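Working notes for the structure below.
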Amino acid sequence: MKALIETIVRALVDYPEDVVVTESSDESTITYVLSVHEGDIGKVIGKQGRTIHAIRTVVYAAASDQPKRVVVQVKDKG
């Protein structure tokens, strides 16, 4: 799942080398925190959150066979 998120986001941003996805897990949730270059945050979020919503939709669909809930977050640099 981590590789899927990195692949999608690296195609969208100007600084693909700065894309970092960290994974944390507890008993019922897997959380992926996406960190990108400061100038690319707007590209990842998109107008009215449409881009990040589409990324989350793809990730949720890919993780539909997992028993845990999957959450994708964008790390704010400030």
(Q) What's the total number of residues in segment 13-26 that are touching a residue at least 24 places away in the same chain (Cβ under 8 Å) and either among the basic types (Lys, Arg) or open to solvent by 70 Å² or more (accessible area, probe 1.4 Å) (or both)? (A) 3
Q. If you go through segment 63-75 one residue at a time, do you hit one that is closer than 14 Å to residue 9 by Cβ, charged (D, E, K, R) and more than 10 Å from the chain's Cα centre (by Cα)?
A. no
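Being part of a helix (DSSP H, G or I) and among the small types (Gly, Ala, Ser) is the filter here; which residues of segment 60-78 pass it?
If the condition is that a residue be part of a helix (DSSP H, G or I) and among the small types (Gly, Ala, Ser), then 61, 62 are the ones that fit.
Take the residues of segment 11-59 that are acidic (Asp, Glu) and not in a helix (DSSP H, G or I): which is farthest from residue 74 (Cα to Cα)? Please lay out each step first, then the result.
The first filter runs over segment 11-59 and keeps only residues acidic (Asp, Glu), leaving 14, 17-18, 23, 26-27, 38, 40.
In the following step, the residues that additionally are not in a helix (DSSP H, G or I) were identified as 14, 23, 26-27.
On the way: 14: 16, 23: 12, 26: 19, 27: 22 Å.
Selected residue: 27.
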Q: Test residue 6 against the stated conditions and say whether it is open to solvent by 20 Å² or more (accessible area, probe 1.4 Å), part of a helix (DSSP H, G or I), under 20 Å from residue 69 (Cα atoms) and of a type in the set (D, E, K, R).
A: yes
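One line per residue, one yes/no per condition, for (1) in contact with a Phe, Trp or Tyr (Cβ under 8 Å, 6 or more places away or on another chain); (2) among the aromatic types (Phe, Trp, Tyr); (3) modelled with pLDDT of 95 or more; (4) over 17 Å from residue 1 (Cα atoms):
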position: 13; (1), (2), (3), (4): no, no, yes, yes
position: 20; (1), (2), (3), (4): no, no, yes, no
position: 33; (1), (2), (3), (4): no, no, yes, no
position: 52; (1), (2), (3), (4): no, no, yes, no
position: 76; (1), (2), (3), (4): no, no, no, yes
Q: Would you point out the residue of segment 37-50, among those that are open to solvent by 30 Å² or more (accessible area, probe 1.4 Å) and in contact with a helix residue (DSSP H, G or I) (Cβ under 7 Å, 6 or more places away or on another chain), that is nearest to residue 1 (Cα to Cα)?
A: 45
Q.
With the structure loaded, tell me whether residue 62 is within 15 Å of residue 3 (Cβ to Cβ) and either open to solvent by 40 Å² or more (accessible area, probe 1.4 Å) or not polar (S, T, N, Q) (or both) or whether it fails that test.
A. yes
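The values are calculated or read from the model by the stated rules, or taken from the named source; none is laboratory data. Since the structure is predicted, the reported quantities are computational estimates derived from the model, not experimental observations. Reconstructed Cβ throughout: ideal geometry from the backbone, glycine too, with neighbour counts over all protein chains shown. Please note that ligands, DNA and RNA were not included when accessible areas were found on the heavy atoms of the full protein model with its side chains. Shrake-Rupley method; radii C 1.70, N 1.55, O 1.52, S 1.80 Å.
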